[in-house]
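So the structure is just underneath, and the comments pick up after that.
The values are calculated or read from the model by the stated rules, or taken from the named source; none is laboratory data. Here the structure is a predicted model, which means the values were calculated and not measured. Cβ: placed from backbone, ideal geometry, glycine included. Neighbour counts: every protein chain shown.
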């Protein structure tokens, strides 16, 4: 273990579309004390081919960076490290194999998060970097492949949005070969204005007292404006002067301005076009930069999970309330499901805390689709879970919950489990088998407790033993279990009941 490693040491990895960031911190009096910080300019977004597949060169750059990060994070316990992928990994097709290799290189599981979840974490990071205040704030983060806009108060976002425009993607599309002219700069700004049209009314209706920008583009532009004496912070006047200077250069290879780092020049035109559009669309006069960003948000969110202040609990509770889930039945199913899991967890390698928690949440949500219709409610529930905004959940965790809800009754399908990227399809299906069993034996919705029954696991077999005489006294349950065994057999799984 490194000499400065202690149990209060945490790690965060942000696999951005332009740069990969690694943070190692120590928590002192609820504040993050930075121990190590590494940034690699991987430019992952530039490695997407026209069919949105990562090129071999981009994969090699990414894996090399993650191996270096992994060397530093090796001695931190897995539960104290969180790594997330953003826009480019959301867009990349057939990324399952790459994510597996990337997780192996890093030595920690990598989650791909939705744009809305990215926005929430960015706001969390920014709000913790600012003095505590009750005033409403606008936060804008221009990344390599996406731009997040959030309005919130204190540590709670009120409105979040993620738009498909970033400094790398816009620079590649509108400024090929680095050429900069009035025509293509205006085209880029107009395209960004079109993207912003979808959210500007909602944000302006909420309003805000101060605006803040985070991450590379905003920090780089603020440094240029300050070094050239054009403005303190970012102002409309300063942006106009920078726009003229960029046009005078004519090409990114000729961009040489005080405050501009060489590795930022190739993506400056795209980032500037987006920031100009943000100022115009949202009628911003002045913006300050924030030292906090996604990686700090990841860490504060991780601290919340460890301290049992998990935003995901609130997300599940909101869905339970919104869709009027029968809490008593959900609790019965949850208890039975956990009793079964505890008996087989070691043999089926389902013992980690995160797996257990996701399983609990699936049990609480399994009937959420009844709010739509009883007929096919498992399908309705899966749709609601898959397409709802679920703060705190990664894309893959949300897909796992949806797959469990979809398959907790009727004939199970293996296909949704095969699509999971960070969860073993085999383990996910075994969770499904346990949930199905818990739902089935609680079908009567009786408040009377079930008898204790034994569950024994083998590779693709589950043996269930009820107390003597119980099956004879419950012929409907016996018939249901026989039908369940037939359904699971079609999925190459054996259920034995006695």
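Values for this structure:
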read-out: Subset of the stretch 82-119 (residues that are in a loop (DSSP other than H, G, I, E, B) and under 13 Å from the mean Cα position of the chain (by Cα)); value: 86, 109, 113, 114
read-out: Hits in the stretch 471-492 (condition: out of contact with any helix residue (DSSP H, G or I) (no Cβ under 8 Å at 6 or more places or on another chain), part of a helix (DSSP H, G or I) and closer than 14 Å to residue 453 by Cβ); value: 473
read-out: Whichever residue in the stretch 39-63 is touching a helix residue (DSSP H, G or I) at 6+ places or on another chain (Cβ under 8 Å) and either assigned by TED's automatic domain parsing to the domain that holds residue 121 or more than 23 Å from residue 271 (Cα to Cα) (or both) and, among such residues, is surrounded by the most Cβ atoms within 10 Å (Cβ to Cβ); value: 59
read-out: From the options 443, 436, 410, 421, residue that is touching a helix residue (DSSP H, G or I) at 6+ places or on another chain (Cβ under 6 Å) and either more than 28 Å from residue 157 (Cβ to Cβ) or assigned by TED's automatic domain parsing to the domain that holds residue 356 (or both); value: 421
read-out: Criterion violated by residue 283 - all others in (1) on the phi < 0 side of the Ramachandran plot; (2) assigned to a loop (DSSP other than H, G, I, E, B); (3) in contact (Cβ under 8 Å) with a residue 24 or more places away in the chain satisfied; value: (1)
read-out: Total residues in the stretch 475-498, condition free of Cβ contacts under 8 Å to residues at least 40 places away in the same chain and surrounded by fewer than 17 Cβ atoms within 10 Å (Cβ to Cβ); value: 13
read-out: Residue match in the stretch 439-449 (condition: on the phi > 0 side of the Ramachandran plot, modelled with pLDDT of 95 or more and surrounded by fewer than 20 Cβ atoms within 10 Å (Cβ to Cβ)); value: yes
read-out: Residues of the stretch 222-257 classified as in contact (Cβ under 8 Å) with a residue 60 or more places away in the chain and assigned to a helix (DSSP H, G or I), total; value: 6
read-out: Sole residue being under 22 Å from residue 407 (Cβ atoms) and part of a loop (DSSP other than H, G, I, E, B), chosen from 436, 443; value: 443
read-out: Matching helices (runs of 4 or more DSSP H) fully within the stretch 304-403 where at least 3 residues are within 22 Å of residue 453 (Cβ to Cβ); value: 327-348, 353-365
read-out: Members of the stretch 91-119 that are farther than 20 Å from residue 67 by Cβ, surrounded by fewer than 24 Cβ atoms within 10 Å (Cβ to Cβ) and touching a strand residue (DSSP E or B) at 6+ places or on another chain (Cβ under 6 Å); value: 115, 116
